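The values are calculated or read from the model by the stated rules, or taken from the named source; none is laboratory data. Just so we're clear, the structure is a prediction, and the values are computed from it rather than from any experiment. Because the Cβ atoms are built from the backbone with ideal geometry, glycine has one as well, and the counts that use them run over all protein chains shown. To get the accessible areas, we keep the full protein, side chains included, count just its heavy atoms, and leave off ligands, DNA and RNA. Shrake-Rupley method; radii C 1.70, N 1.55, O 1.52, S 1.80 Å.
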Amino acid sequence: MVFLRLCVSKTRAFSFVSVLLGGVLSVGGFAAPQALWAAEITGAGSSFAAPLYEAWSAASEEQTGVRVNYQTIGSGAGQNQVLAGTVDFGASDAPMAPEKLHKGQLLQFPTAIGGIVVIANIPGIATEHLKLTGPVLADLYAGTITTWNDPRITALNPDLTLPDLPVAPLHRADGSGTTYVFTEYLTQVAPQWRASVGKATSVAWPLGAGARGNDGIAAYVHNTEGSVGYVEYAYAVSNHLSAIQLQNKAGNFVMPSAQSFAKAAEAAVWAEPDLTASLNNTGGAGAWPIVTTTYALVPRAAQQSRQGKAVETFFRWGLTLGEAESRKLDYVPLPERVKAAVLQRLATGQEQALFK
């Protein structure tokens, strides 16, 4: 559980925030919400998004007056919490279905783009030198490849001396948007995975151990020889874990980075009216193949309340002034046209056309 705490004194919150938000957060002609006294809001869900919201919160402390209590419980649980009305916003990397949004009277919008990377613990091997293809990665998780010196891996890595070490695939034990994106990628590159396992926030894994949260996966791989797992990029960096190279749709082996995530985002097609997009396995010579958008879920009925206005203030700050913090963690800010549509939706509570 991650607690994000932000608070400023009432004596300075109104005067400072009213000037800042009124003057700086008018983006694309959308006026910022009225400044708030210090307030606390609660959010829950995606561990993929947790580093991002933590950074936004810490950096906006003296500018918004909003204190955020964010619980890292996984995308599936985050969706359930906001539907139950126990939090002010939910966070999910797997978009909620339109019919479920309508029934729950929720506003869904993207907040940032990031990459999911594959990490491994192979003694004597600098993992960033290891190359895998999508089908080989699927075979590792299906149990078809059982040792790291399997001929299919050594053929991709002729310059490495890979050990005769059992492969220990690790997956998320909780309902996870990261799992949804990872398994969606495997269905795109491996027909046998699509037929036997499929994609979801929680699937029937053929084998392997489970851990909760991106942080749980990162810690397990760090401590377990032979293990392989998937995490949001910031967790690999913060735990000093090198990610493997993956072959992308163009046939090139690429390393994960903000630049390769942005290459994937450039090719995304955004759906209306829900502003969702699949960024997996997009074209482009330098595109990283496993990329996702993370989404926030906000109750429409609460938007005019004090809590709702505080939620709006937090996300407006993050989507505009928070872009520098996003880049520090190698998240990719939303494209300008998408950001403008999100800010409009925050202001009105209604879906607006993405393209005018």
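A few notes on this one:
- Carbon + sulfur, % of accessible area of the chain - ligands and nucleic acids excluded, 1.4 Å: 53
- Per residue, the accessible area of segment 144-259 comes to 43 Å², computed with a 1.4 Å probe over protein heavy atoms only.
- Bridge orientation summary for the chain: considering DSSP beta bridges with both residues in this region, about 60 percent are antiparallel.
- Selection from P163, I125, N239, by position along the positive dipole direction of the chain (Cβ): N239
- Take segment 91-139 with all the other protein chains still there, run a 1.4 Å probe, and you get 31 Å² of accessible area per residue.
- Which listed pairs, of K199/K328; K249/K339; K309/K339; K100/K249; K263/K328, have C-alpha distances above 24 Å, in listed order: K199/K328; K249/K339; K100/K249
- Ranking L319, P273, T348 by how far each Cα lies toward the positive end of the dipole of segment 232-353 (charges on Cβ) leaves T348 at the top.
- Assigned charges on the beta-carbon of Lys, Arg, Asp, Glu; the chain dipole about Cα centre (debye): 860
- Per-residue Karplus couplings for segment 281-298, computed as 6.51 cos²θ - 1.76 cosθ + 1.60 with θ equal to phi - 60°, are listed in order as 6, 7, x, x, 4, x, 7, 6, x, 10, 9, 9, 9, 9, 10, 9, 10, 10 Hz, Gly and Pro entered as x.
- Applying the Karplus relation 6.51 cos²θ - 1.76 cosθ + 1.60 with θ = phi - 60° to segment 248-260 yields 3J(HN,Hα) values of 9, 4, 7, x, 9, 7, 10, 9, x, 6, 4, 5, 6 Hz, where x marks Gly and Pro.
- Amide H contacts of V332 (H built 1.01 Å from N, in plane; Pro and chain starts excluded): I113, G114 sit under 5 Å, all sequence-distant by 5 or more or on other chains.
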